[in-house]
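J.: Dumping the structure here so I can ask a few things about it.
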Amino acid sequence: MNAPTQDTRQAASRLTEEPWYLPLGDEVQMFEAAYRARLPVLLKGPTGCGKTRFVEYMAWRLYRQSQSARRTIELPLMTVACHEDLTATDLVGRYLLSGNETVWMDGPLTRAVRSGAICYLDEVVEARKDTTVVIHSLTDHRRVLPIEKTGELLDAHPDFLLVISYNPGYQSVLKDLKPSTRQRFVSLEFGYPGVDVEAAIIGHESAVEAALAHRLALIGDKVRNLREHGFDEGVSTRLLVYAGQLAAGGISPRRACDVAIARAVTDDTEVQKAIAAIVDVLLP
Amino acid sequence: MTQPAHSAANQGRVRFGDIQRFLTLFAQGLSGSFFHLKVSSPTAAGGRSSRISTDGHSIYLPADIADFAAAEHNLGSYRIAVLHQIGYVVEGTFDFDLESFCARWHRPALLRRVFLIVEDLRIDTALRRRYPGARADLDRVLAHALAKRPSVSSMRPLSALIEGLVQYSLGGRRSELISSNEALADLMNAAEAVCAEEASIDDSARASLSICANLEEYLRRAPRRVSSAAGDKTDGPRDRDPAGDDEFLLEDASSLTVEFRGELHLGRSRTQQGRQIAIPGHETRAPLQETAPKDPRGGTPDPATPPASIATSVRRSSTTGPRSFLYDEWDYLRQTYLSAWCRVYEHRLRGDDFAFISDVRRRHCALGAEVRRQFAFIKPQSWQRVHRTIDGDELELDAVIEAVIDRRSTHAADSHLYLRRDRALRDVAAAFLVDMSASTDFPIASSKLRAPDNPAPDRAPPNSGLYLYGGHEDPTEAAPAPKRRVIDVSKDALALMCDALQTLGDSFAIYGFSGDGRDNVEFHVAKEFREKLSVRTWAALAAIQPRRSTRMGPAIRHALSKLAREPAGMKVLIIVSDGYPEDHDYGMDRNDREYGIQDTARALREAERAGVVDFCVTIDPAGNDYLRRMCSQSRYLVIDDVTALPRELTKVYRTLTS
């Protein structure tokens, strides 16, 4: 990894189209209220429950639907998928060799702070501890980003907002968020939706017919009862959508569930068989 | 379900032992509750004919099924049996207090019989609706069960009607049943109400009351006509007053259990928090009112109660209980694993001795400080600089200069230009498995309590009579110090370890094990990996007490399954015991120590294969004899002096994880 843009696995979105998102509760109103007060937001929830989609949707609402100058920001959302080798340098920036000189390259966090975008640090507990220290000064009344290597103290753009996500049930829970970090964020908790809502999501995202979407949602609900058998997260809505997409593409629903659910969530053959049997009795 | 099997059936025979875990997961997934799936014994269902039953917590199933030639069909029979049993829970049958309900009518046995038939019909109909993929299996099983039903032609009138109802519930043709007895039409119409999508247990209660009232009315009006219609040529006892029929009903052929439905054990309400179910749709007939003096509470019926309602109390089903897990066991005599042989029950230890840890710290303050000092040496304190990396926090000047020189001299420049700072993190997960067998209750000789290598605490309170295993006697204290047992020393050692491990930052868990036979291996959890140390943890540790036997193999396997879920790079299992593995059925011969030793050795080899570093610490002086057969010499330690356990345990841990 030679460049920060690759190193941080950054994904920036221009958000020219409205992302589809089905609200589960009052999270949209809560996020908007937090944004108005520029309060940093912590999203908690299991994998594949829609946290990233929610942030994209909110970025679209707040930036693309806005009548303010925010509308002109080219990249309203900077998403960084955190991993265990991600350092503060990866977020803030670093000097690179260019020809015979060194040039400073902003990291995604710095770019968001300068431009007034939303910076979304996905699975922040995965990152190394020094990254959390960097975000502290951005998440209180100071709203500044100290760039140690350039000696710069960067004031955050008025539209900047920091959003992090965190998965309490994930196996790396040993890397817990420190209270000093956690208590800088308002926390929105996400879970897997109920069967009817999840069926609507599956139906929309995979374009399968409503009856099959409902059955897939039911399968997800039942398979989550087995989450203690090696897949603590349960089966994600994302995987159910995958199963739906495979079925919509002509694969038999049972086979689609086999590859997208049973074999995706566990390597335990007995659990795979049990999931296959659950799928078998629930599908017509 | 098993027949004296012919060869085709034998080929397709499915054995419960082979699919037990699969079925358990299947049931848990669909119901959301954990059920213990067990092989039924002749007495499992109360000594009756059925081998399938449930009490809401456990499901008893036959040891094998060979009803069909194809194995998948027999597997389907198992699935239907499980679906039907969990259907009782999912559909609310266990929320119903059947005994109280039946006691409200003057013929409780009849009402009970009819209710169970109707309820089974409701469950199967719901099963068909909920699980469309199971319909083929259900149809096959229903047809098989229907084919085994007795003919109604030779039955007594009441029994014939009830048997007709059973056959209707199994999918018997309505027209054929009505042709055998016209009275069945009304009964089937009443029963059909429970086939509606929204039908509940209340509907089953209403339908069964309606059917019973029909039966009574019908038999009272024309008992001889019914006998004639049923082809019954005999008079006398068979046409006797139906009011006296309850007893024969229980023994009649029509009471033959439908095997895949099994027997339902619904007792009186197990909790006092009942709700009242009103059944307003049922109009109680005059004979019912007149002959229904029974009040389950022993009093007379409340005249204020509307005659059209029957109240029952119900309970909320509860499936909470210790979780159990099945593990294979190594049979060294046959050189094979016995599949799903041992059942490990996982119990959560809870204690109320919240002063335990402060007591341990006070008694062992010098040793505790020493342990912490030892651990401080192995705790990484600094950052590690990694030079010339492809990516890092800052450019490394030497590498940059070389790269510039290379570039100017038109050589390929090395891209490893960065300096990176990494913290040498410990990545250890350690499980401590403590023997809680009865032998750990053995008191430690008083001479050992004054071990010279266990100095008095540095700052012991002047009047603290106890320090270090309680052996020090304060001359001013009249009362003798309490006897310290092997288990007490183990607990002290663990407490000191845990106290020090906090500073080290390693993830660790504390478990105890004991048991009584292969079907009841106890695995006690004092602390799980992800839990933080708290007063509850210390109290749980204090609650470790001597219990029963030492079936070590399944306990090790269960600890390994827990370690497998930890993401740590290094995994350690330390077993603290006071003797060889033994249990009353650990092997064919109770005196055969070799069986337990071989199984434990096998479990330790499984640990090795799973990448877990295991270590056995035993305080049995004879430990060398069997430990060397269980594990390599570098993997065990025999401690002659039990009081040295805390210090030795610390050394072991340091050595293993440094």
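J.: Residue pairs, Cβ under 6 Å, 6 or more apart or interchain, first in the stretch B:24-45 and within 17 Å of residue B:344 (Cβ to Cβ) and within 8 Å of another protein chain (Cβ to nearest Cβ), second assigned to a loop (DSSP other than H, G, I, E, B) and at pLDDT below 85. List them.
T.: B:28/B:34
J.: Something else: Hey, any hits in the stretch A:128-142 for a residue that's modelled with pLDDT of 90 or more, surrounded by 18 or more Cβ atoms within 10 Å (Cβ to Cβ) and farther than 17 Å from residue A:35 by Cα?
T.: Taking every residue of the stretch A:128-142 in turn, none turns out to be modelled with pLDDT of 90 or more, surrounded by 18 or more Cβ atoms within 10 Å (Cβ to Cβ) and farther than 17 Å from residue A:35 by Cα.
J.: Output the helices (runs of 4 or more DSSP H) that fall wholly within the stretch A:125-220 and possess 3 or more residues being farther than 30 Å from residue B:427 by Cα, or say none. Walk me through how you get there before you give the answer.
T.: Working: elements: A:129-136, A:179-182, A:195-206.
Result: A:195-206.
J.: Being farther than 15 Å from residue B:120 by Cβ, assigned to a helix (DSSP H, G or I) and under 36 Å from the mean Cα position of the chain (by Cα): is that true of residue B:186 here?
T.: Against the criterion (farther than 15 Å from residue B:120 by Cβ, assigned to a helix (DSSP H, G or I) and under 36 Å from the mean Cα position of the chain (by Cα)), residue B:186 does not qualify.
J.: Is it the case that residue B:194 is touching a Ser or Thr at 6+ places or on another chain (Cβ under 6 Å) and within 14 Å of another protein chain (Cβ to nearest Cβ)?
T.: So residue B:194 fails the test.
J.: Suppose we filter B:653, B:626 for residues that are part of a helix (DSSP H, G or I), under 25 Å from residue B:367 (Cα atoms) and at pLDDT 80 or above; which single one remains?
T.: B:653
J.: Scanning the stretch B:572-617 for residues that are part of a helix (DSSP H, G or I) and β-branched (Val, Ile, Thr), which turns out nearest to the chain's Cα centre (by Cα)?
T.: Step one: of the stretch B:572-617, the residues part of a helix (DSSP H, G or I) are B:593-609.
This time we only want the ones that are β-branched (Val, Ile, Thr), so: B:597, B:600.
Working: B:597: 27, B:600: 23 Å.
Of everything passing the filter in the stretch B:572-617, B:600 is nearest to the chain's Cα centre (by Cα).
J.: Follow-up. Taking residue B:49 as the residue in question, decide whether it is crowded, with 20+ Cβ neighbours inside 10 Å and either under 19 Å from residue B:261 (Cα atoms) or at pLDDT below 80 (or both).
T.: no
J.: OK, next. Just one of the numbered conditions (1) small (Gly, Ala, Ser); (2) under 14 Å from residue B:431 (Cα atoms); (3) surrounded by fewer than 23 Cβ atoms within 10 Å (Cβ to Cβ) is not true of residue B:559; which one?
T.: Only one criterion in (1) small (Gly, Ala, Ser); (2) under 14 Å from residue B:431 (Cα atoms); (3) surrounded by fewer than 23 Cβ atoms within 10 Å (Cβ to Cβ) is unmet by residue B:559, namely (3).
J.: What are the pairs, 6+ residues apart or on separate chains, where a residue within the stretch B:515-530 that is touching a residue at least 24 places away in the same chain (Cβ under 8 Å) has its Cβ under 6 Å from a residue that is open to solvent by 40 Å² or more (accessible area, probe 1.4 Å) and polar (S, T, N, Q)?
T.: Filtered contacts from the stretch B:515-530: no entries.
J.: Also, quick follow-up: Just the residues that are closer than 30 Å to residue A:222 by Cα and either free of Cβ contacts under 8 Å to residues at least 60 places away in the same chain or within 14 Å of another protein chain (Cβ to nearest Cβ) (or both), please, taken from the stretch B:143-168. Reasoning before the result, please.
T.: Within the stretch B:143-168, the subset closer than 30 Å to residue A:222 by Cα is B:143-145.
Answer for the stretch B:143-168, where residues must be closer than 30 Å to residue A:222 by Cα and either free of Cβ contacts under 8 Å to residues at least 60 places away in the same chain or within 14 Å of another protein chain (Cβ to nearest Cβ) (or both): just B:143.
Conditions tested, residue by residue: (1) open to solvent by less than 20 Å² (accessible area, probe 1.4 Å); (2) assigned to a loop (DSSP other than H, G, I, E, B); (3) in contact with a Pro (Cβ under 7 Å, 6 or more places away or on another chain).
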{"residue": "A:48", "(1), (2), (3)": "yes, yes, no"}
{"residue": "A:54", "(1), (2), (3)": "yes, no, no"}
{"residue": "A:90", "(1), (2), (3)": "yes, no, yes"}
{"residue": "A:95", "(1), (2), (3)": "no, no, no"}
{"residue": "A:104", "(1), (2), (3)": "no, no, no"}
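J.: Looking at the stretch B:618-635, which of its residues are open to solvent by 70 Å² or more (accessible area, probe 1.4 Å) and within 14 Å of residue B:597 (Cβ to Cβ)?
T.: B:625, B:628, B:629
J.: I've got another one for you. Which one is nearest to the other protein chains (Cβ to nearest Cβ) among residues in the stretch A:128-158 that are among the hydrophobic types (A, V, I, L, M, F, W, C) and free of Cβ contacts under 8 Å to residues at least 40 places away in the same chain?
T.: A:153
J.: Let me ask something additional. I'm trying to understand the selection: among the residues of the stretch B:320-344, which are open to solvent by 30 Å² or more (accessible area, probe 1.4 Å) and touching a strand residue (DSSP E or B) at 6+ places or on another chain (Cβ under 6 Å)? Full working, then the answer.
T.: We begin by selecting, within the stretch B:320-344, every residue open to solvent by 30 Å² or more (accessible area, probe 1.4 Å); these are B:320-323, B:325-328, B:332-337, B:339, B:341.
Matches in the stretch B:320-344: B:322, B:323, B:325, B:326, B:327, B:328, B:337, B:339, B:341.
J.: Right, here's the next one. State which residue is nearest to the other protein chains (Cβ to nearest Cβ) when the search covers only the stretch A:225-284 and only residues that are open to solvent by less than 40 Å² (accessible area, probe 1.4 Å) and part of a loop (DSSP other than H, G, I, E, B).
T.: Restricting to residues being open to solvent by less than 40 Å² (accessible area, probe 1.4 Å) and part of a loop (DSSP other than H, G, I, E, B), the top hit is A:283.
J.: Has the stretch A:181-192 got any residue that is in contact with a helix residue (DSSP H, G or I) (Cβ under 9 Å, 6 or more places away or on another chain), more than 12 Å from chain B (Cβ to nearest Cβ), open to solvent by less than 10 Å² (accessible area, probe 1.4 Å) and under 30 Å from residue A:140 (Cα atoms)?
T.: Yes, the stretch A:181-192 contains a residue that is in contact with a helix residue (DSSP H, G or I) (Cβ under 9 Å, 6 or more places away or on another chain), more than 12 Å from chain B (Cβ to nearest Cβ), open to solvent by less than 10 Å² (accessible area, probe 1.4 Å) and under 30 Å from residue A:140 (Cα atoms).
J.: May I ask you to list the residues in the stretch A:69-88 that are away from every other protein chain (no Cβ under 14 Å), among the small types (Gly, Ala, Ser) and open to solvent by less than 50 Å² (accessible area, probe 1.4 Å)?
T.: At the first step, the residues of the stretch A:69-88 found to be away from every other protein chain (no Cβ under 14 Å) are A:69-82.
Remaining after also requiring among the small types (Gly, Ala, Ser): A:69, A:81.
Correct list: A:81 only.
J.: Right, something else. Quickly run through the stretch A:107-124 and pick out the residues that are outside any strand (DSSP E or B) and either more than 16 Å from the chain's Cα centre (by Cα) or among the hydrophobic types (A, V, I, L, M, F, W, C) (or both).
T.: Once the filter is applied, which keeps residues that are outside any strand (DSSP E or B) and either more than 16 Å from the chain's Cα centre (by Cα) or among the hydrophobic types (A, V, I, L, M, F, W, C) (or both), the stretch A:107-124 yields A:107, A:109, A:110, A:111, A:112, A:113, A:114, A:115, A:116, A:117, A:124.
J.: Would you tally the residues in the stretch B:540-563 being under 18 Å from residue B:615 (Cβ atoms) and of a type in the set (Gly, Ala, Ser)?
T.: Total meeting the criteria: 3.
J.: Which of the residues spanning the stretch B:597-613 are acidic (Asp, Glu) and open to solvent by less than 10 Å² (accessible area, probe 1.4 Å)?
T.: Just the residues of the stretch B:597-613 that are acidic (Asp, Glu), to begin with: B:599, B:606, B:608.
Selection gives B:599 alone.
J.: Now for a different question. Restricting to the stretch A:193-224, what's the tally of residues that are away from every other protein chain (no Cβ under 14 Å), among the charged types (D, E, K, R) and buried (at least 22 other Cβ atoms within 10 Å of the Cβ)?
T.: Summing the residues that are away from every other protein chain (no Cβ under 14 Å), among the charged types (D, E, K, R) and buried (at least 22 other Cβ atoms within 10 Å of the Cβ) in the stretch A:193-224 gives 1.
J.: Residue B:546: touching a Cys at 6+ places or on another chain (Cβ under 7 Å) and in contact (Cβ under 8 Å) with a residue 60 or more places away in the chain, yes or no?
T.: Taking the combined requirement at face value, the residue does not satisfy it.
J.: Could you please let me know if residue B:537 is away from chain A (no Cβ under 14 Å), open to solvent by 40 Å² or more (accessible area, probe 1.4 Å) and touching a residue at least 24 places away in the same chain (Cβ under 8 Å)? Give the derivation first.
T.: Values: away from chain A (no Cβ under 14 Å): yes; open to solvent by 40 Å² or more (accessible area, probe 1.4 Å): no; touching a residue at least 24 places away in the same chain (Cβ under 8 Å): yes.
Here the answer is no, as residue B:537 does not meet what is asked.
J.: For the stretch B:174-183, enumerate the residues that are assigned to a loop (DSSP other than H, G, I, E, B) and farther than 9 Å from residue B:152 by Cβ.
T.: B:182, B:183
J.: Filter the stretch B:406-416 down to residues that are away from chain A (no Cβ under 11 Å) and within 15 Å of residue A:99 (Cβ to Cβ) and give me whichever is modelled with the highest pLDDT.
T.: B:406
J.: Among the residues of the stretch B:576-593, is any basic (Lys, Arg), in contact (Cβ under 8 Å) with a residue 12 or more places away in the chain, surrounded by fewer than 24 Cβ atoms within 10 Å (Cβ to Cβ) and closer than 18 Å to residue B:631 by Cβ? Before the answer, list the steps.
T.: Here is the first cut: in the stretch B:576-593, the ones basic (Lys, Arg) are B:590, B:593.
Restricting the remaining residues to those that are in contact (Cβ under 8 Å) with a residue 12 or more places away in the chain gives B:593.
Add one more test, that the residue is surrounded by fewer than 24 Cβ atoms within 10 Å (Cβ to Cβ), and what stays is B:593.
Checking the rest, the ones that are also closer than 18 Å to residue B:631 by Cβ come to B:593.
Yes, the conditions are met somewhere in the stretch B:576-593.
The values are calculated or read from the model by the stated rules, or taken from the named source; none is laboratory data. Since we're looking at a predicted model, the values are computed, not measured. All Cβ positions, glycine included, derive from the backbone under ideal geometry; neighbour counts span all protein chains shown. Please note that ligands, DNA and RNA were not included when accessible areas were found on the heavy atoms of the full protein model with its side chains. Shrake-Rupley method; radii C 1.70, N 1.55, O 1.52, S 1.80 Å.
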